[in-house]
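Okay, structure first, notes after.
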Amino acid sequence: MQELEKILEEIDIKIAGSMGKKREGLLEAREIIHKHMNDGWIPVEKFGLPKSNEHDFMFWITIQYVNGFRRTIKAKWDWFDKCFMHQNGKKISEDVVAYKYYSAPEPYRPERSNEHDGE
């Protein structure tokens, strides 16, 4: 597992200096590695907060309240303040247990559907 962590650090460095298609490919590679590590979830206790310098990058995060209740929400990573933020811009004050890079599904394409307008 340490080997994968070193690879992820190298990828994060390359992402910081990349643009366009190369950057997209590196982000995809990082996501694939995370998926194989822990279904994409990164425990904060083990790996810390994101090291990426991507401001406003979206994540799924699991937060834990003082009563022990956990909830998963979508949040932005604020690299300048090194914290997660709600989508409304408010800082998340609860403990972040784990995070996962947010990736939206591919858009719907009717030509891939088995049913075409009832035909």
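Structure notes:
- With respect to the conditions (1) open to solvent by 100 Å² or more (accessible area, probe 1.4 Å); (2) modelled with pLDDT under 90; (3) of a type in the set (D, E, K, R), K90 lacks only one, and its number is (2).
- Residues that are closer than 14 Å to V44 by Cα and either at pLDDT 90 or above or not hydrophobic (A, V, I, L, M, F, W, C) (or both) within the range 73-82 comprise just one, K82.
- Some residue of the range 60-71 being touching a Phe, Trp or Tyr at 6+ places or on another chain (Cβ under 9 Å), loosely packed, with under 13 Cβ neighbours inside 10 Å and modelled with pLDDT of 90 or more: yes
- Strands (runs of 3 or more DSSP E) wholly inside the range 59-104 that include at least 2 residues being touching a residue at least 60 places away in the same chain (Cβ under 8 Å) and within 9 Å of the chain's Cα centre (by Cα): 95-101
- Taken over the range 96-111, the criterion of being of a type in the set (A, V, I, L, M) and either modelled with pLDDT of 85 or more or more than 30 Å from C83 (Cα to Cα) (or both) is satisfied by V96, V97, A98.
- The set of residues from the range 1-18 being of a type in the set (A, V, I, L, M, F, W, C) and over 18 Å from the mean Cα position of the chain (by Cα) comprises just one member, M1.
The values are calculated or read from the model by the stated rules, or taken from the named source; none is laboratory data. As the structure is a computational prediction, the values presented were derived from the model and not from experiment. Here the Cβ is made from the backbone with ideal geometry for all residues, glycine too, and neighbour counts use every protein chain on show. For accessibility, only protein heavy atoms count, side chains too; no ligands or nucleic acids. Shrake-Rupley method; radii C 1.70, N 1.55, O 1.52, S 1.80 Å.
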